[in-house]
Each structure stands twice: as C-alpha cells, then as structure tokens.
Amino acid sequence: MAINVFVPKFHTDEILEEIRECLDRGWTGLGFKTVEFESRWKKYTGLPFAHFLNSNTSGLHLAIHLLKLQNGWKDGDEIITTPITFVSTNHVILYERLKPVFADVDKYMCIDPDDAERKITQKTRAIMFVGIGGNTGQYEKIIELCRKKKLKLILDAAHMSGTLYKGKHVGSEADVAVFSFQAVKNLPTGDSGMICCKEEESDRLVRQLSWMGISKDTYQRFNKNEGSYKWHYDIPNVGFKYHGNSIMASIGLVQLKYLDEENAYRNRLAENYIKLLEVIPQVNIVPVAPECVSSRHLFQVLVPERDKVMQFFYAYQIYPGVHYISNTEYPMYSYARGTCPNAEKYSKELMSLPLHLNITEDDQQKVVEVLAEAVKGR
Ligand SMILES: Cc1ncc(COP(=O)(O)O)c(C=O)c1O
C-alpha cells in the first residue's frame, strides 16, 4: 500500500445526511447551510465575523481587493509577503495590480520579522503572513510591526484550522484572516474557504463583493415564512462570484465536529516522528513556535539532496510532499531572486513527511527507515 503525504478522511454517512437536507429542501446554494456553517465557525474559533467562500484563494483576493478599496491604495503599492507558500498567496496581490515584495523566512518557514522590517518602503501597505503547516512562527512580532508601521495585516490561514496561539484560535489579530477547506486540508470539503474580517463593515462589504457586488443575497430575498421571493436588489460595487454553497457547507459542518480530535491525532503522529527521527542527525525538523499548538497540517523536515531522497522514497511507494519551492524561482516572481537567501536554500531541502488520519505508527516507522537509508552517507 502506498503511503501518501495527504489522504483526507470524510465522515461519509453523516455528510450524506446533511447534504440530503439540502436536496430535500431544494436549497443547495448560498444561504441555509452556509449560514449555519458560518455561525459554527465563529463559535469554534471565537472570531467575530466569518463569511463562507468557494476557496481560500477567492478569500485572499477579496481581502486585498477590500483593503485596496477601503484605504485608497494605488496600483504599484507594495505588500510584503513570503516566498515559501502556495502561489495563491502571491498571485492575489498581482490580481489587484499591487507588487509582492518578498521577505525571507526564518527557521519556522514563516516570514522573518526583521527581514520584513528591512523590506518596508514608502509604498508598503500591508503584510501577508502565512502560517505554514499550521505554525505561527514569529507572528506576534509581525503583528507588532504592523501596528508600529501602520500596515494592514492579512493572515493566509489556509493551513491553520484549529491552530492555537497562547491558548486562543488564531485569526482575530489580523485585519482579514482566510482559511482553506480545500480537499486535503485539515478540514476538507471539496473546495471552499472562510474569510474572517476584524470589522463589521468589512464583513458586510465582503458579503456583497463575493456575490457580484449585489446588495442582498438570494437567501435574504427569499422570505421563508411567506415563500415569496423579493426580486429587487441594488449593485453598489463590481463584485465576484466567490461565495460558498450549501453542499460544501454541509460537508464542512460535519468535518468541523471532528477537527479537534483529528488535529490531536496529527499532533501525536508529529511527536512520534520527532522521536523516530532522533537517529537521523542529517535530517532537521522544522520546529513549531513556542506557545503554538499547531494544526499540524504538515510535518516539515530539511533533508540534504532532497530531490534524490524523494526518488529513493518512490521506489518504496512512499510519496512525501514539498511545501514549497521558493516562489522567487518561478518566472513570475524571478525579479526577487536572490532577495531571500534562506528561502532559496530551504527550497532545495524542504520535505513534508506523510501525515494524515490513516497513517499508523508502523507507517511512520517505515517512512523513517527508508529516510535513514536514503540519507546514509549524504
Ligand atoms: C498556503 C496556502 N495558501 C492558499 C492556498 C489556496 O487555498 P484554496 O485551494 O482553498 O484556494 C493554499 C492551498 O493549497 C495554501 O496551501
């Protein structure tokens, strides 16, 4: 049996019951289950606002669009961001004709606050922080830096469903935090995400912008008591088709019930990897920041000659992942090549060991044995 980096686990029977309700009622779109999921998410995280979307990418785009609109940012203004991320984080900055300025990463693979400060110019408007693998890195210093320099803070929390910092779910410190419930995330649906704004007015605007800029959504216009449908609405802004639907929300509602228990299992697997890897000094474990309880979306290590080691694994049907190659290596962002030496070094060594809910201790033993064999003499 192959051992893959990710395999999502779905609570199928419960999910099908939840979806059946949508089908029987004849309401699969925006509203109904999306409203319920938003309130459950707010309760779970303690965040004041939450709006369900069709992806995290849409949410990050909306975050930039919203802040540009609200604060009068100009084309060419700069956002400080990380090179070690999935490209969504950085593409959304370009969607809004702003410039991604890359700050280097620290030992947690998150933005290094000192380098972020060095990269601030007259044109800097915000910092985009990514909690890689569920790690908070030096997020608190980034929050302080944003406060000191009057910059907006966007949190790409794609990997952070269930991440706690100092005992509290992350997200409330950012102007906008965006979670991902994409197919292999800790809270997998099919594709969806949640945008959580700090301010009520931002939440209101984001709801309009995610539904073509229309003033009232279809669920608000459908009068449940009278069964009538108010057709009239206004369009104060150009918006996007980014809202989530009730089928995805149904999956999310069920998966959310199990998130803490499943993240606890992921953490146990991570602890076990840490013990097993003691015998391989050539492999460095990416640490979790102090006072952070990571969602453990990823278990990242730094491995010499990573590409050869990956090939070695394949022969045993073991398929680790790479999260990520420094975005400065892609032609789109090559203007920043050489500006983030740590990221460019780590990007040749980073590897994510298989970590998901079907992994057993025996699987982990096998992964570490093969890894030991692969790095022997390197
Ligand atoms: C760090 C990071 N940001 C953003 C995204 C985009 O998330 P989504 O697929 O929900 O749009 C991902 C997805 O892999 C991610 O890993």
* Give the residues of the stretch 321-361 that are open to solvent by 10 Å² or more (accessible area, probe 1.4 Å) and in a helix (DSSP H, G or I), sorted by residue number. => E329, P331, M332, S334, Y335, P341, N342, E344, K345, Y346, E361
* So, in the stretch 167-180, of the ones that are under 21 Å from A116 (Cβ atoms) and more than 13 Å from the ligand (Cβ to nearest atom), which residue ends up surrounded by the most Cβ atoms within 10 Å (Cβ to Cβ)? -> V176
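Condition first: of a type outside the set (A, V, I, L, M) and within 16 Å of the ligand (Cβ to nearest atom). Now tell me which residues in the stretch 53-73 satisfy that. Steps first, answer last, please.
Just the residues of the stretch 53-73 that are of a type outside the set (A, V, I, L, M), to begin with: 54-59, 61, 65, 68, 70-73.
Selection gives N54, S55, N56, T57, S58, G59, H61, H65.
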* Structure fact -> Looking across the stretch 187-210 at residues that are within 14 Å of the ligand (Cβ to nearest atom) and over 24 Å from I127 (Cβ atoms), the single one that is most open to solvent (accessible area, probe 1.4 Å) is D191
* Structure fact -> For the stretch 141-175 the number of residues that are touching a Cys at 6+ places or on another chain (Cβ under 6 Å) and more than 11 Å from A126 (Cα to Cα) is 2
* Determine whether the stretch 19-29 contains at least one residue that is assigned to a helix (DSSP H, G or I) and crowded, with 18+ Cβ neighbours inside 10 Å. => yes
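Take L256 and decide whether it is out of contact with any Cys (no Cβ under 6 Å at 6 or more places or on another chain), of a type in the set (A, V, I, L, M, F, W, C), under 30 Å from G29 (Cβ atoms) and in contact (Cβ under 8 Å) with a residue 40 or more places away in the chain. Please lay out each step first, then the result.
On the way: out of contact with any Cys (no Cβ under 6 Å at 6 or more places or on another chain): yes; of a type in the set (A, V, I, L, M, F, W, C): yes; under 30 Å from G29 (Cβ atoms): yes; in contact (Cβ under 8 Å) with a residue 40 or more places away in the chain: yes.
Spelling it out, L256 is indeed out of contact with any Cys (no Cβ under 6 Å at 6 or more places or on another chain), of a type in the set (A, V, I, L, M, F, W, C), under 30 Å from G29 (Cβ atoms) and in contact (Cβ under 8 Å) with a residue 40 or more places away in the chain.
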* Can A177 be described as under 14 Å from the mean Cα position of the chain (by Cα), closer than 19 Å to Y44 by Cα and among the aliphatic types (A, V, I, L, M)? -> yes
* Asked: Pick from the stretch 290-320 the residues that are out of contact with any Pro (no Cβ under 8 Å at 6 or more places or on another chain), under 30 Å from R337 (Cα atoms) and part of a strand (DSSP E or B): which of them is nearest to the ligand (Cβ to nearest atom)?
  -> Q300
* Structure fact -> Taking first residues from the stretch 144-155 that are modelled with pLDDT of 95 or more and second residues anywhere that are among the acidic types (D, E), the pairs with Cβ under 8 Å that are 6 or more apart or on different chains are L145/E117; K149/E117; K152/D175; L153/E173; L153/D175; I154/D175; L155/E173
* Residues in the stretch 30-53 that are surrounded by 21 or more Cβ atoms within 10 Å (Cβ to Cβ) and either within 13 Å of Y242 (Cα to Cα) or among the polar types (S, T, N, Q) (or both): how many? -> 6
* Within the stretch 45-52, identify whether any single residue is touching a strand residue (DSSP E or B) at 6+ places or on another chain (Cβ under 7 Å), away from the ligand (no atom under 16 Å from the Cβ), within 21 Å of S326 (Cα to Cα) and outside any helix (DSSP H, G or I), and answer yes or no. => no
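For the stretch 265-281, check the following and say yes or no: at least one residue is outside any helix (DSSP H, G or I) and free of Cβ contacts under 8 Å to residues at least 40 places away in the same chain.
Checking the stretch 265-281: at least one residue is outside any helix (DSSP H, G or I) and free of Cβ contacts under 8 Å to residues at least 40 places away in the same chain.
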* May I ask you to list the residues in the stretch 110-127 that are open to solvent by less than 30 Å² (accessible area, probe 1.4 Å) and either closer than 22 Å to L187 by Cα or among the polar types (S, T, N, Q) (or both)? => C110, T124
* **Pairs, first under 30 Å from V170 (Cβ atoms) in the stretch 18-45, second in a helix (DSSP H, G or I) and open to solvent by 70 Å² or more (accessible area, probe 1.4 Å), C-beta under 6 Å, six or more apart** => none
* Among the residues of the stretch 289-304, is any farther than 19 Å from T136 by Cα and open to solvent by less than 10 Å² (accessible area, probe 1.4 Å)? -> yes
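Yes/no per residue for (1) of a type outside the set (D, E, K, R); (2) open to solvent by 10 Å² or more (accessible area, probe 1.4 Å); (3) within 15 Å of the ligand (Cβ to nearest atom):
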residue: D75; (1), (2), (3): no, yes, no
residue: I79; (1), (2), (3): yes, no, yes
residue: S88; (1), (2), (3): yes, yes, yes
residue: F129; (1), (2), (3): yes, no, yes
residue: T136; (1), (2), (3): yes, no, yes
residue: L155; (1), (2), (3): yes, no, yes
residue: L164; (1), (2), (3): yes, yes, no
* To do: Give the residue, chosen from K241, K275, K230, K216, that is under 21 Å from the mean Cα position of the chain (by Cα) and open to solvent by 30 Å² or more (accessible area, probe 1.4 Å).
  => K241
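The values are calculated or read from the model by the stated rules, or taken from the named source; none is laboratory data. Note that the coordinates shown come from a computational prediction; the quantities given were computed from them, not determined experimentally. In this analysis, Cβ positions are derived from the backbone assuming ideal geometry, glycine residues included, and neighbour counts consider all displayed protein chains. The accessibility values were calculated without ligands, DNA or RNA, using every heavy atom of the protein model including side chains. Shrake-Rupley method; radii C 1.70, N 1.55, O 1.52, S 1.80 Å.
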